[in-house]
1. Does region 27-57 hold any residues that are at pLDDT 90 or above and among the charged types (D, E, K, R), and which are they?
2. From the set of residues in region 121-142 that are closer than 16 Å to residue 86 by Cα and surrounded by 14 or more Cβ atoms within 10 Å (Cβ to Cβ), which is modelled with the lowest pLDDT?
3. Which count do you get for residues in region 100-116 that are buried (at least 18 other Cβ atoms within 10 Å of the Cβ) and touching a Phe, Trp or Tyr at 6+ places or on another chain (Cβ under 7 Å)?
4. Could you please find all residues in region 64-79 being of a type outside the set (Ser, Thr, Tyr) and within 16 Å of the chain's Cα centre (by Cα)?
Amino acid sequence: MNPWQIKWVCLLSLTLLLVGSEGKDDVWDFLVSKTTVVIKNNVQPETALTVHCKSEDDDLKAHVLPYNGYFKFDFIPSAFKRTLFYCRMEWNGKSHWFDVYDGERDSGAFFDNFVAWSIMASGPCTSYKLDSPGLNSACYPWKTHP
């Protein structure tokens, strides 16, 4: 094989590896680091928050968080920014939902692949530090349809 053919074979092999390994931790781990999402219940004191998160491939089941309680999960985002995790949040008979990770919105937007959400009755807020929403935070309205 000449050098030109070798380069094309290597490029094609790498492309097939990336596409074929999407969502598989063993091969993907060394190419892309994991992203961590943490969700904190800040709805109101004495109020439990039920969080049920899903993606196209994963159902993380429902978790009941006491006030100030946390739920954390890790995943490896798609190389093509297609990863989406959405969560239904329920408390006191109310139900809301929000995309806690959207590859289009969040890829590369957070320090060290860490996304922290503070869940309040008015909506979810994110910041670079879980316990300090405020100056560097962004708050969003609840989604209208799941």
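The values are calculated or read from the model by the stated rules, or taken from the named source; none is laboratory data. Just so it is clear, the structure is predicted and the values come from calculations on it, not from any experiment. Counting neighbours? That spans all protein chains shown, and the Cβs are built from the backbone with ideal geometry, glycine included.
1. Within region 27-57, 40, 46, 54, 56, 57 qualify.
2. If we take residues in region 121-142 being closer than 16 Å to residue 86 by Cα and surrounded by 14 or more Cβ atoms within 10 Å (Cβ to Cβ), then 126 is modelled with the lowest pLDDT.
3. Matching residues across region 100-116 total 3.
4. First, the residues of region 64-79 that are of a type outside the set (Ser, Thr, Tyr): 64-66, 68-69, 71-77, 79.
Within region 64-79, 71, 72, 73, 74, 75, 76, 77, 79 qualify.
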